[in-house]
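Novice: Please see the structure below; I have some questions.
The values are calculated or read from the model by the stated rules, or taken from the named source; none is laboratory data. The shown structure was predicted, so the numbers you read here are calculated from the model rather than taken from an experiment. Glycine also receives a Cβ, built like all others from the backbone with ideal geometry; neighbour counts cover every protein chain displayed. Surface areas here come from the heavy atoms of the whole protein model, side chains and all, with no ligands, DNA or RNA. Shrake-Rupley method; radii C 1.70, N 1.55, O 1.52, S 1.80 Å.
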Amino acid sequence: MREQIQMEFLKSFPNLPKRIYAVDWDKTAEKYSSLIFDTRAPEKNVGDDLPLCRVFEMDRPTSGGYQGDMFYIPSYIGMPAREGFGEALTCLGAVLGALAAGESTKRDGHDFAQMAKAYYSIINGHGVVTNNVNAEDTCGSFWYDIFPSILYTQIASFFPEDEEFMGQVKEIAKTWSFVADKMKGDWEHTGYSLKHHKPLDSGRWIESDAMIGIAYLCYISYTLTKDSALLLTARQCLEEAAGLGYNPYYEILGSFGPYIAARMNAEEGTDTDMETLLQIVFSNNTATRTGWGVIREAWGDYDAYGLSGSSTDTQGYAFSMNTYVNAAAVAPVARYSQKYAKAIGRYLMNVLHNAKLFLPDTLPAYLQNNHDWVEATGISCISYEGVRNQGKTVPYGTGDQKKNFNPYGAWGVGLFAALFKETTDSSVLCADLTGTEYYAPASYQTYLFYNGADEDKAVSLQLPAGEYKLYDTCTGSFVEEHATGLRNLVVKAHEAAVIVVVPCSAVLTKDGNVLSADGIPIDYAADGWSAGGDIRDVFIDRALNAAAAASSCLSDETKAENVTSSDWHDYWTSGENPGEEWLLIDLGSVVDCNLINIYWNARDKRSVAESYYLEVSVDKGHWEKVYRSQENERFYQPVKMEAKSLRYIRIVMEDKEDRAYPYSINDIQVF
């Protein structure tokens, strides 16, 4: 069978966004790269914000051995200009975005890709890239260490003949494989110290999706080295992520799971749980960060479907970097596992257009924070950090720092330039499935087409010089033979096609389930696949918007129901001078549960109960204690249990260090 598998989470997405924008991501990426690497002051400037890029000479070698010129780019427009090191997320991102878009990273005599090597550090004998230059230790946050390592690894893919880059990529993977071994399957930590060889905990959150980012680095390096130990690490990390029983997605690392699983399954014959890894990405409330994931709603008159960020912060707060990176990471899945092509196509169709909300030339001036700066400088290629559902307006282009335009994430327009190709009909999406795949195996041009219209549509495809056969992996057939020049392809209404451009002279061979042309795979599921039904939305917070009550409340603004909103802005606070206090949640019906998360109010440590217990019930008559803490100092406490039926949850607070200060809880989650 070749029936497309749908995702329950994506079914609410429109086939076509409400607003179809004339999106020229290539031009936006070109303008952004020209601006971000320009070290000369422009004629039009505002408050000395420009130039954004400063080049300076490092006064000593880094621990990774780099010495020479280095560059600084501020994470936000308006940050003070300085000769110092910028965040790797910003500076490495700028280099990757330019390379992905086909833009040069050599400007005005400076080689920014080579200067990126300054971010490679050696910590306690381990090669790694963190968010800082010359790091003495990791940052204490997995994503701030692993994501820069991923960016660096992806940059190096554009320089396969650079032995230094390639050697460092392999060392980075070995380092994180070492960390994975040391974690021994326990990923419920915030980070890992390479200096002290131990996990790190903030007491406020955990970043369990670190294992997915490590799987990406290890499998990529395995494709270069064929080191079986790296393959084993990648497999184990993905299996552990899929087997957690809860959604570990924290910031961005979880986005890389479906691609690595799909590619590894196709190339190595493994059977990694793709469905769970897709569920981890396509969710809007994770067990490690309340309300986090992919947006699936409209904000006022504007669609926000497909944007990534918080679904609960101000009723929704999407971020540009997360949106760009998530789409770029997920898209190549359709090349290796085409049964998800329609679902991925529907998602990409929405994100292609809705991500334009981050750019200041999309929303009217009154719906954004700093349009005056755009008018004064003439610059509209830098994204806002994010868009809020309910900011000063609905929606509202804004951010968290300075002038709210952020090179920290705006570089992702280069990923969109690499991924999305213009079509002759705006209701049909075209995504280059190799555009954001790094270290890809030998391949022919492969495009995902998705038709969001209610009727069949024909779109043009420009072929290279020569004669080709066009193979659709979704149907397992050649849709055209002896094709040349500009061809018209018909894509059925609300359907997807994955088209591989195969030279007519290529000899077809089949090995198992893989169809190849001149030895290059064109279909990794040539015999089709068994229909498994739609992928259910399983990572649901059963406590979201549930009824709640408490023994006391400080005010109407700190009521008990705040703990089920998943919005970190609001919280429950007990009355002053508390004695023994309790907080009760009614889920409305009996559900099966294996995880309860308690988020104490991190605004003040005095709000945390030192001694408390948690009990559950199906009828409020018989209570079962499932957790007790007598020396608690943590703001975040996950309570794991064997699958248990329950309806009511009660937290009983017995004691705290400063009884003059009320108890306070931000959120309770139930999975």
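Novice: At a threshold of 8 angstrom on Cα-Cα distance, excluding pairs fewer than six apart, so keeping six or more, what relative contact order does the chain reach in percent?
Specialist: 13
Novice: Ok, one more. From the phi angles alone, apply the Karplus equation (6.51, -1.76, 1.60; θ = phi - 60°) to the range 64-69 and give each ³J(HN,Hα) in whole Hz, x where the residue is Gly or Pro.
Specialist: Per-residue couplings from phi come out as x, x, 7, 8, x, 6 Hz.
Novice: For the chain, what is the calculated [θ] at 222 nm in deg cm²/dmol (nearest 500), taking -39500 (n - 2.57) for each run of four or more DSSP H residues and dividing by its residue count?
Specialist: So the helix-based figure for the chain works out to -7500 deg cm²/dmol.
Novice: Ok, one more. Note down the nm distance, to one decimal, between modelled labels 7 Å out along Cα→Cβ at E161 and at D69.
Specialist: Computed distance between label sites E161 and D69 equals 2.2 nm.
Novice: Give the distance, in whole Å, between the Cα centre of the range 397-428 and the Cα centre of the range 223-250.
Specialist: 30
Novice: Right, here's the next one. Normalised radius of gyration for the range 219-324, please: alpha carbon Rg relative to 2.2 N^0.38 Å, two decimal places.
Specialist: 1.22
Novice: Going 7 Å from the Cα of D227 along its beta-carbon direction, which residues of the range 115-144 have the amide nitrogen within less than 17 Å of the resulting point?
Specialist: Counting backbone N atoms under 17 Å from the label point, the list is 121-129.
Novice: Would you kindly give the portion of the calculated P(r) for the range 532-671 that falls above 23 Å, as a percent of all Cα pairs?
Specialist: Result: 30 percent of Cα pairs exceed 23 Å.
Novice: Tally the DSSP beta bridges in the chain and give the antiparallel ones as a percent, rounded to 5.
Specialist: About 100 percent, rounded to the nearest 5.
Novice: Another question about this same structure. Give me, ordered by chain and number, the residues 5 or more places off D523 or on other chains with an amide H under 5 Å from its own placed amide H.
Specialist: L515
Novice: Would you pull out the residues with amide H under 5 Å of V626's amide H, same chain only if 5 or more places away, H placed 1.01 Å from N?
Specialist: Residues meeting the criterion, in which the H sits 1.01 Å from N, are L614, E615, V616.
Novice: Going Cα to Cα from K656, which aspartates and glutamates come in below 17 Å? Please leave out same-chain ones fewer than 8 positions away.
Specialist: E576, E580, E581, D604, E610, E631, E633
Novice: Now, a different point. So if the hydrodynamic radius of the chain is defined as the Kirkwood radius over C-alpha pairs, what does Stokes-Einstein give as its diffusion coefficient at 4 °C and 1.567 mPa s, in µm² per second?
Specialist: For these conditions, the coefficient is 50 µm²/s.
Novice: Rg(Cα) of the range 198-251 divided by 2.2 N^0.38 Å?
Specialist: With N residues counted in the range 198-251, Rg over 2.2 N^0.38 Å equals 1.26.
Novice: What order, most packed first, do the peptides 299-306, 383-390, 454-461 have when packing is the mean number of other Cβ atoms within 10 Å of each residue?
Specialist: Result, highest mean Cβ count within 10 Å first: 383-390, 299-306, 454-461.
Novice: Given labels modelled 7 Å from the Cα in the Cβ direction, how far is it in nm from Y21 to S104?
Specialist: Rounded to a tenth, the inter-label distance reads 2.9 nm.
Novice: Specify the inter-centroid distance of the range 131-160 and the range 551-601, based on alpha-carbon positions, in whole Å.
Specialist: 38
Novice: Still on this structure: Enumerate the calculated ³J(HN,Hα) couplings along the range 391-399 in order (Karplus 6.51 cos²θ - 1.76 cosθ + 1.60, θ = phi - 60°), each rounded to whole Hz, writing x wherever the residue is Gly or Pro.
Specialist: Ordered by residue, 3J(HN,Hα) equals x, 5, 9, 10, x, 8, x, 7, x Hz.
Novice: Going by amide H atoms built from the backbone, whose H comes under 5 Å of the H on W299, apart from near neighbours?
Specialist: Those lying under 5 Å, H to H, from W299 are A304.
Novice: Accessible area of the chain with a 1.4 Å probe: how many percent of it is carbon plus sulfur?
Specialist: Here it works out to 44 percent.
Novice: Karplus couplings for the range 212-220 from phi (6.51 cos²θ - 1.76 cosθ + 1.60, θ = phi - 60°), rounded to Hz, Gly and Pro as x?
Specialist: 3J(HN,Hα) across the range 212-220, in whole Hz: 6, x, 5, 4, 4, 4, 5, 5, 4.
Novice: What is the P(r) of the range 36-144, as percent of Cα-Cα pairs per 5 Å bin from 0?
Specialist: With a bin width of 5 Å, the distribution comes to 2, 12, 21, 23, 20, 13, 6, 2, 1, 0.
Novice: Under 12 Å from the Cβ of E297, count the other residues' Cβ atoms, weight Lys and Arg +1, Asp and Glu -1, and hand me the total.
Specialist: +1
Novice: Using the structure shown, select from K356/K392; K402/K559; K44/K421; K356/K421; K342/K457 the pairs with a Cα to Cα distance greater than 22 angstrom.
Specialist: Listed pairs above 22 Å: K402/K559; K44/K421.
Novice: With a sphere of radius 13 Å drawn around the Cβ of I379, what net charge do the other residues whose Cβ falls strictly inside it have (Lys, Arg +1; Asp, Glu -1)?
Specialist: Result for the local shell: -3.
Novice: Considering all projection directions equally, how large on average is the shadow of the alpha-carbon convex hull of the range 366-484, in square nanometres?
Specialist: For the Cα atoms of the range 366-484, the hull's average projected area reads 11.6 nm².
Novice: Related question: Under a Cβ-Cβ cut-off of 13 Å, what is the net charge of the residues other than G257 that fall near it, where Lys and Arg count +1 and Asp and Glu count -1?
Specialist: Its environment carries a net charge of -3.
Novice: How long are the three semi-axes of the equivalent ellipsoid for the range 257-386, computed from the Cα gyration tensor as the root of 5 times each eigenvalue, in whole Å, largest first?
Specialist: 32, 16, 12
Novice: Now for a different question. Sorted by packing (mean other beta-carbon atoms within 10 Å per residue), highest first, where do 634-645, 333-344, 216-227 land?
Specialist: 333-344, 216-227, 634-645
Novice: Which value in nm describes the separation of the simple spin-label points at S202 and A643, placed 7 Å from the Cα toward the beta carbon?
Specialist: Simple spin-label model gives 3.3 nm for this pair.
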